[in-house]
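A quick write-up on the structure given underneath.
The values are calculated or read from the model by the stated rules, or taken from the named source; none is laboratory data. It should be emphasised that the depicted structure is a prediction, and the values quoted were computed from it without experimental measurement. Reconstructed Cβ throughout: ideal geometry from the backbone, glycine too, with neighbour counts over all protein chains shown.
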Amino acid sequence: MNDKSKLINIPLNYLIVFGICFYLLLCAVHFSSGRPLWLDENSVLENIRDLTPCEIFGPLKNNQGWPRLYLFFVQKVSQVFHYNVYALRSLPFAAMIAAFFLWLRIYRKEEGVGTEYILFILAWCGSHFMTYYAAELKHYSADVLVAALFTWFILTQRKSVEYPKKYGPFLAVGYALLPFLILFSYTGYFFVLIPFYNVLMGIRQDRRNIFYAYVYTAAMLAAVVISYHFDVRYTLSDKALRTYWGDYFISVSSPGAFLSSFTEGIRNLFSRWFIETKLIRRIMTVFLPFALYAIVFGGIRRFKKDKGFIVSLETLTPVLVAGLAAAGVLKIYPFTGARVTLFIAAFIFYATIKGIELFRGRVHAVYLSLLTLYVGTLCCTSVYLFVKYLKG
């Protein structure tokens, strides 16, 4: 790298460091405020405080849907500190911070370090959901972390399925443990079949992948049985909880109802991560068609390039969006609820940035306009969140 290139990269590196530090500051300020638990958090606390460790792995009180193993760990940590508000929120805080750094590594691996990398960091800073749920007694930050862990492993399959001998120890441990992440997050179900699909596809290139397919199949079946028996069956049978999320599924009662609920869900999926005001949602909706184009056509091109494997963010993102929509139609998982779909937010940030980048080097005026609008909006929402969290 010549001296000129080094000078050009100096401001970029400073911006990256500043963005990372600012996101950590937002989460830390919000966490340190020690605000009292609100209604939903108190409902979770009743389960943590009143149920025995064995009872945690059964029906929960107050119509709560929590991944039981994660709730068990929250119970154990907070119990040591007599259910102090900071102890109760410590694991959600740690999960979000870990997810943030893992996602930075994932994005850097896929897209490198440049303007897009800064935009990705800025999207986290400007997201109310990505900062607020870092200090909330809920499982949504763990959803983001589990999604990142699955994604990181799936991206490594790009090489590991081609050279299973070289990556043998890593593969054996990864395939044996990865499915059990569904015990920490229900959103793991959206990912759990993808590594299985990739390793099956890899058998065509190297027959040694058959062994890893067996390992992953056994682990996946064990994880699903355990999850269903001690957790999922109680959550799915909770009529009050399903009624609560009733408006967040995709309606199939009529073509009109389907179109209305689906389009509203898509809009929420791309615009609700920031400050939930009409102005901000309308601004973020501007990027929706470009992001959708990047997801659909970028995904198709990359799927062909990767010879049918799902081993990149470009192919993984459309699969997850389609899976979430299918779950919404089947009324298995909400499609339009922002916090319960938080695991997909980082993918939407990625797709939005890819949508903006479509105009780079082609229609410079449009690219510059979209970039300015995106950066300006995120800077405003970031400052707003900082002031809000400072006030407690």
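Tabulated results
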quantity	calculated
Number of positions in segment 84-116 that are more than 18 Å from TYR23 (Cα to Cα), touching a Leu at 6+ places or on another chain (Cβ under 9 Å) and at pLDDT 95 or above	2
Selection within segment 232-247 - at pLDDT below 85 and either part of a helix (DSSP H, G or I) or of a type in the set (Asp, Glu) (or both)	LEU236, ASP238, LYS239, ALA240, LEU241, ARG242, THR243, TYR244, GLY246, ASP247
Answer from TYR384, TYR389, TYR367, TYR350 - the residue that is buried (at least 21 other Cβ atoms within 10 Å of the Cβ) and either more than 20 Å from the chain's Cα centre (by Cα) or charged (D, E, K, R) (or both)	TYR389
Tally, over segment 34-69, of residues that are assigned to a helix (DSSP H, G or I), surrounded by 12 or more Cβ atoms within 10 Å (Cβ to Cβ) and not charged (D, E, K, R)	10
Residue count for segment 134-189, restricted to those that are assigned to a loop (DSSP other than H, G, I, E, B) and not basic (Lys, Arg)	10
Close pairs from segment 141-154: first within 10 Å of PHE343 (Cβ to Cβ), partner not in a helix (DSSP H, G or I), Cβ under 6 Å, at least 6 apart	ALA142/PHE184; ALA142/SER185; ASP143/SER185; VAL146/PHE184; VAL146/SER185; PHE150/PHE191
Residue within segment 124-132 that is of a type outside the set (Lys, Arg), within 24 Å of TYR189 (Cβ to Cβ), free of Cβ contacts under 8 Å to residues at least 24 places away in the same chain and not in a loop (DSSP other than H, G, I, E, B) present	no
Residues located in segment 335-354, provided they are at pLDDT 95 or above and either among the basic types (Lys, Arg) or outside the structural domain of ASP247 (by TED's automatic domain parsing) (or both)	LYS354
Complete set of residues in segment 203-220 that are of a type in the set (Val, Ile, Thr) and assigned to a loop (DSSP other than H, G, I, E, B)	ILE203
